[in-house]
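The values are calculated or read from the model by the stated rules, or taken from the named source; none is laboratory data. Bear in mind that the values here come from a model prediction, so they are computed numbers and not experimental data. Cβ placement follows ideal geometry from the backbone for every residue including glycine, while neighbour counts extend to all protein chains displayed.
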Amino acid sequence: MTFSILIAHYNNFAYFTECYRSILKQTYQNFEVILVDDCSTDGSLEKIRELAVNDPRVKIFKNEQNKGVGFTKRRCAENASGEICGFVDPDDAIVENALERSITEYKDPEIVATHSQFQICDSRLKINRLFPSTKSVKNKNPKFFNINLEVNHFFTFRKSAYDRTSGINADLTSAVDQDLYLKLYETGNFKYIKEPLYLYRLHDKGVSQDQSKKEKLNKNWQTVLQNACERRSISNLYGRRISEIKNLPEFIFKKQNTLISKILKRLS
């Protein structure tokens, strides 16, 4: 199997060198790198091209204009030729056996995606702690919305399963991974790998750490959840009409984290 490592890039060369180094060290070497640049303004695309000039496995594309992360990640997936795909952010890294450990799970034809534990690191990629929320999820549950972030990095998926979905929403500027997870969840079974395969870097310029974008994130997550409910033909949720719920992320979180719901989860 060929593994397509997907990278949506924008102004990140300072951290990309470590990301690329972690890819080159993989114990599983049958891979390609699909990197789409969203019109970087700092000269980093030229540096990346120079860095990978002698590696034919690295395929670099550039958007005609700055389009945002949803459009860029969708284009990454569209250009992938591998049977298995996985996104790696250019400021993060993966452990040496991340590809090998993930790809072994696809011996089971029922598995359409895998997800693992991940380490939260500082700006120098020094490990601080294990992200606590990742865990195995029950498959084929129409009320699974990943509201507690159980599914997270390192996330891999069958390209054939992705092609059965409508693809990543190109209009999203955040909550893009959530959109991908929920769409793929509807196509088959997820497999949890209880090992940290991904190194997530926290730094001042990180998109997920940008407080000014939190309002936009909530709006995008609302859109992702509304679309998921529509695909699953869910018009009412916990006694409320979806159309009447102004903050779906908050509403679902509260309903799925009551004491009773937690007991039921343990018993299921």
Can you say whether Gln117 is farther than 17 Å from Phe3 by Cβ, in contact (Cβ under 8 Å) with a residue 60 or more places away in the chain, buried (at least 20 other Cβ atoms within 10 Å of the Cβ) and not aromatic (Phe, Trp, Tyr), as far as the supplied structure shows? yes
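In the range 75-89, is there at least one residue being among the basic types (Lys, Arg) and touching a helix residue (DSSP H, G or I) at 6+ places or on another chain (Cβ under 8 Å)?
Just the residues of the range 75-89 that are among the basic types (Lys, Arg), to begin with: 75.
Now narrow it down to the ones that are touching a helix residue (DSSP H, G or I) at 6+ places or on another chain (Cβ under 8 Å): none.
No: the range 75-89 contains no residue that is among the basic types (Lys, Arg) and touching a helix residue (DSSP H, G or I) at 6+ places or on another chain (Cβ under 8 Å).
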For the range 49-70, how many residues meet the condition of being in contact with a Ser or Thr (Cβ under 9 Å, 6 or more places away or on another chain) and either of a type in the set (Ser, Thr, Tyr) or buried (at least 19 other Cβ atoms within 10 Å of the Cβ) (or both)? 2
Checking Pro142 against (1) more than 19 Å from Pro249 (Cβ to Cβ); (2) in contact with a Lys or Arg (Cβ under 8 Å, 6 or more places away or on another chain); (3) surrounded by fewer than 20 Cβ atoms within 10 Å (Cβ to Cβ), which test does it fail? (1)
Residue satisfying all of: in the range 239-268; in contact with a Lys or Arg (Cβ under 9 Å, 6 or more places away or on another chain) and at pLDDT below 90; farthest from Val137 (Cα to Cα) among these: Ser261
List, please: which pairs have Cβ atoms under 6 Å, are six or more places apart or on different chains, and start with a residue in the range 241-268 that is closer than 15 Å to Gln222 by Cα and among the aromatic types (Phe, Trp, Tyr) and end with one that is assigned to a loop (DSSP other than H, G, I, E, B) and modelled with pLDDT of 90 or more? Phe251/Ile245; Phe253/Ile147
Answer from Asn128, Asn148 - the residue that is part of a loop (DSSP other than H, G, I, E, B) and not aromatic (Phe, Trp, Tyr): Asn148
Near pairs, Cβ below 8 angstrom, 6+ apart or cross-chain, from the range 93-108 (within 13 Å of Tyr192 (Cα to Cα)) to any residue that is of a type in the set (Asp, Glu): Arg101/Glu195; Tyr106/Glu83
Tabulated pairs, the range 136-156, first under 26 Å from Ile103 (Cβ atoms) and touching a residue at least 60 places away in the same chain (Cβ under 8 Å), second in a loop (DSSP other than H, G, I, E, B) and charged (D, E, K, R), C-beta under 9 angstrom, 6+ apart or interchain: His153/Asp89; His153/Asp92
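Quick check on my filter: what residues within the range 166-199 are in a strand (DSSP E or B) and of a type outside the set (Ser, Thr, Tyr)? Full working, then the answer.
First, the residues of the range 166-199 that are in a strand (DSSP E or B): 189-199.
The answer is Asn189, Phe190, Lys191, Ile193, Lys194, Glu195, Pro196, Leu197, Leu199.
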